[in-house]
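Q: Sharing a structure, written as structure tokens. Questions coming.
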Amino acid sequence: MNGRHVSAAVDEMVRVLTPHVARGWTVPASTLDWSCWTTAAHVAHDLLAYAGQLAGRPGAAYLPFDLVIRPDTPPAQLLHVVAACGRLLCDALATAPPTTRAWHWGPTDPSGFAALGTNEALLHTWDITQGLAIPWRPPSNLCELVLARLFPNAPTAGPAEALLWCTGRVALPGRPRLTSWVLKAALDQSP
């Protein structure tokens, strides 16, 4: 995965949510404890954190910085922040050699960070659309890529449904909704 996938996921988030910026984003995002506003701010934070990891290349922890978005920022401007942080991650991915390693629960390559960014944008767009009662499903092509990179043992199902199941958002036939999950962005450390 690469910056084109992150860009596509962030563009989709902005496209889907922009027509609804005048609505009340203080409602919960799906089953999360966060509001729709807080969930979008979380996406911006994570995209920036992934860019920081790639730029700083720490080997053992996340760099000690956080994105602070003013609490009175309206949803339209918040989506601009998300888009800006997505571009920063895309730029970091574009300049990082494939051999780059940075920490995300182990040594993670640029493809892993691209998958993480894509995953964040897709899943939290779904959460926000659920909170705002907007019918939307994550694009299958991006879900397939995220599943292959982060959830190699995903069940056989439609790509969007499998990704939503792997991250505890929905149940599948014969498979109850997960209450915890682990994604695998870090590369195998065995020789």
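Q: Using only helices, what value at 222 nm comes out for the chain when you add -39,500 (n - 2.57) per DSSP H run of length 4 or more and divide by the total residues, to the nearest 500 deg cm²/dmol?
A: Roughly -17000 deg cm²/dmol at 222 nm, from the helical runs in the chain.
Q: Let me ask something additional. Picking from His124, Leu89, Cys166, whose Cα lies most toward the positive end of the charge dipole for the chain (charges on Cβ: Lys, Arg +1; Asp, Glu -1)?
A: Cys166
Q: For the chain, what is the accessible area per residue in Å² when the probe is 1.4 Å?
A: 49 Å²
Q: Average projected area of the Cα convex hull of the range 58-191, in nm²?
A: With the hull built on Cα positions only, its mean projection is 10.2 nm².
Q: Spelling out what I want: for every residue of the range 84-89, take phi, set θ = phi - 60°, compute 6.51 cos²θ - 1.76 cosθ + 1.60 (Karplus), and round to whole Hz; glycine and proline get x.
A: Along the range 84-89, the couplings run 5, 5, x, 5, 4, 5 Hz.
Q: Something else about it: How much net charge surrounds Leu116 when only other residues with a Cβ under 13 Å from its Cβ are counted (Lys, Arg +1; Asp, Glu -1)?
A: With Lys, Arg at +1 and Asp, Glu at -1, the net is -1.
Q: Give me the dipole magnitude in Debye, nearest 20, for the range 100-191 about the Cα centre, with unit charges on the beta carbon: positive for Lys and Arg, negative for Asp and Glu.
A: Charge dipole, the range 100-191, about its Cα centre: 160 debye, nearest 20.
The values are calculated or read from the model by the stated rules, or taken from the named source; none is laboratory data. Given the structure is predicted, the values throughout are model-derived calculations rather than measurements. Neighbour counts are summed over all protein chains in view; Cβ atoms, including those assigned to glycine, are modelled from backbone coordinates with ideal geometry. SASA here: full protein model, heavy atoms, side chains in, ligands and nucleic acids out. Shrake-Rupley method; radii C 1.70, N 1.55, O 1.52, S 1.80 Å.
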